[in-house]
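Undergrad: Below you'll find the structure I mean.
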Amino acid sequence: MAVTGRIDGIPHDVWHAEVLAPQFTYEVRHLLDHYLAIEKVLLLEYVRMDLVGAADAAALGTRLDTLGPDAVRADPEQNMSDISFAVERHVQTGDTPPFPAWHVDRSRNDLQACAQLMAAREDLAAVAEDLTAFARAVLDLAGRYTDTPMPGYTHGQAAQIISPGFHLAALAAETIGALRRMLHTYDECDACPLGAGTMAGQELPWDRARMADLLGFARPQPHALVAVASRTWTTLIAGDLAHYAVVLSRFTTDLMTWAGSGFGFLDLPDELAGISAAMPQKRNFPVLERIRGRCAHVVGRATDIAAGQRNTPYTNTVEVSKESGGQLRVQVDTMRSVLRLAHAVVVGATFRADRMRAACAEDHLGGFTLANRLTLGQGIPWRTAQIIAGRYVRHAVRKGLTSGEPDAALLRDCAAESGCDLDDIGDIGDLLTAAFDVDRGLHAKQSAGSAHPDRVRDLLAGQDTELDVLGAAWAERAARRAEATGRHGTLLTALGQRSS
């Protein structure tokens, strides 16, 4: 049976092999269920508009139920290797021939856009589920290391005393932020294209709000051209994934640094370690390199999706809908792989408290605290106090003193160079000890959001609560999709039963 009267012949072999057959395979795998759901919603609308009886519509719904991945194939002669024509062909060859008005006033444009968006919503929700599980794992690991001192670094140099829990709370905050943005993106994109037709709307009085509801959308897309021409939802989703991949790659770089033999702060289990073929003493962590490398792929796919749409006309075009949009699935799969690997790393990670404490003690990380104490306790102007503290550290390092070896005379001399007399201070040694003690350094910060263990625990508790709120919001949207799944089929069956 011919599918068009405009073109004679069938698709060229190379066109079929390079484009149509791969696209067909992709759509059967990822979009077929959505196409079938859409077809059933269309049948319900035909019934509502009195273009078909309930029994005949139910019979076609039953025929659609027999259309699985094994029942269709790309056939240049029978369906021009197009999934929509394949669905038509399958129904036409059933025991119940379609009613004359079946597929009247219809276009592939809004149908394809709708199926693609339905798949994208599910993909985004799946990433959100993975992110939530990852955030929970991060919070669990952070909670075990809120009181464990470690050096925090700026410009590659040890700067202040923090804890692994403090650093991981930052990763949790970024992950939760990504979940918030993705939820906003989901809601922004949750507008059904179905009923927009080719580009200018349709001629029959389709109930677009009802169709949107039956497919689990929050609302119909108000503008017909936007419905079929826009793939802004692909760039929004891709952008969210790329933004998080950038952040995760930066945290992964920290993990790689801490796990290196020059630091030895972090260890991973043997199950996540690799070996050197030449150097038997080595334990490598290539899993971290894989995470960071795949984060680059996530970012690159976002660029592909944007570049694929740039300078295209604002209408339905396969360059935008299939060539560019098809990259979203690849990006999602890569992101989910990244999150599975990162989740395993976080669950398996342990921190070496001894190595981190030794690194804190090796540097005079209390210089900032010393300057603050000189100002607040002795009334020395703050900039002058900074100079005195810096001068003390410089001379202490030259003398080979560690942070745990206070030199009261040296501090007096450093202060005297700036015209400040510390002779009235009762015990300068206690001042220096308090400034440079590792545990006191971790507890020195008092402000909300700081590295103080209590403040970190406050952060983690708030993050745990926000994850609960976000989890409930994502669950609500999943429930709307789940409630819509199969409802159109149930309605068709019920119509058929009542008519008989």
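Undergrad: Among the residues of the stretch 210-248, how many are over 20 Å from Q327 (Cα atoms) and surrounded by fewer than 19 Cβ atoms within 10 Å (Cβ to Cβ)?
TA: Looking only at that region, the number is 8.
Undergrad: Does any residue of the stretch 127-141 turn out to be open to solvent by less than 10 Å² (accessible area, probe 1.4 Å) and hydroxyl-bearing (S, T, Y)?
TA: no
Undergrad: Could you run through the stretch 374-389 and say how many residues are touching a helix residue (DSSP H, G or I) at 6+ places or on another chain (Cβ under 6 Å) and not aromatic (F, W, Y)? Walk me through it before giving the result.
TA: Quick first cut of the stretch 374-389, residues touching a helix residue (DSSP H, G or I) at 6+ places or on another chain (Cβ under 6 Å) only: 374-375, 380, 382, 385-386, 388-389.
Subset that is not aromatic (F, W, Y): 374-375, 380, 385-386, 388-389.
Residues meeting the conditions: 7.
Undergrad: Considering each of A461, A416, A451 in turn, give the residue that is modelled with pLDDT of 90 or more and in contact with a strand residue (DSSP E or B) (Cβ under 6 Å, 6 or more places away or on another chain).
TA: A451
Undergrad: May I pose another question? Does G441 satisfy the criteria of being surrounded by fewer than 16 Cβ atoms within 10 Å (Cβ to Cβ) and either free of Cβ contacts under 8 Å to residues at least 40 places away in the same chain or in a helix (DSSP H, G or I) (or both)?
TA: Criteria not met by G441.
Each row is one residue, and each column tells you yes or no for (1) open to solvent by less than 60 Å² (accessible area, probe 1.4 Å); (2) over 22 Å from A361 (Cβ atoms); (3) free of Cβ contacts under 8 Å to residues at least 24 places away in the same chain.
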position	(1), (2), (3)
L376	no, yes, yes
P381	no, yes, yes
I387	no, yes, no
G390	yes, no, yes
G400	yes, no, yes
S403	yes, no, no
D407	yes, no, no
R412	no, yes, yes
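Undergrad: I would also like to ask the following. Give me the helices (runs of 4 or more DSSP H) completely within the stretch 16-107, filtered to those with at least 2 residues that are open to solvent by 10 Å² or more (accessible area, probe 1.4 Å), at pLDDT below 95 and of a type in the set (S, T, N, Q), ordered by residue number. Before you say what the answer is, go through the steps one by one.
TA: Values: elements: 21-30, 32-48, 54-65, 83-92.
Here the list reads 21-30, 83-92.
Undergrad: Also, quick follow-up: If R481 satisfies all but one of (1) in a helix (DSSP H, G or I); (2) open to solvent by 60 Å² or more (accessible area, probe 1.4 Å), what's the number of the condition it fails?
TA: Of everything listed in (1) in a helix (DSSP H, G or I); (2) open to solvent by 60 Å² or more (accessible area, probe 1.4 Å), R481 misses just condition (2).
Undergrad: Can you tell me which of (1) in contact (Cβ under 8 Å) with a residue 40 or more places away in the chain; (2) over 23 Å from F217 (Cβ atoms); (3) not basic (K, R) is the one V41 doesn't meet?
TA: Every listed condition holds for V41 apart from (2).
Undergrad: Oh, and also: Which of the following residues is among the hydrophobic types (A, V, I, L, M, F, W, C), crowded, with 17+ Cβ neighbours inside 10 Å and under 25 Å from the mean Cα position of the chain (by Cα): V456, V469?
TA: Values: V469 fails: crowded, with 17+ Cβ neighbours inside 10 Å.
When all the criteria are applied, what remains is V456.
Per-residue answers, yes or no, for (1) aliphatic (A, V, I, L, M); (2) within 30 Å of V226 (Cα to Cα):
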residue	(1), (2)
W15	no, yes
A37	yes, yes
L42	yes, yes
R48	no, yes
G53	no, no
A58	yes, no
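The values are calculated or read from the model by the stated rules, or taken from the named source; none is laboratory data. Worth saying up front: this structure is predicted, and the values here are computed from it rather than measured. Heads up, the Cβs are rebuilt from the backbone with ideal geometry, glycines too, and the neighbour counts pull from every protein chain shown. These area figures cover heavy atoms from the full protein model, side chains too; ligands, DNA and RNA do not enter into them. Shrake-Rupley method; radii C 1.70, N 1.55, O 1.52, S 1.80 Å.
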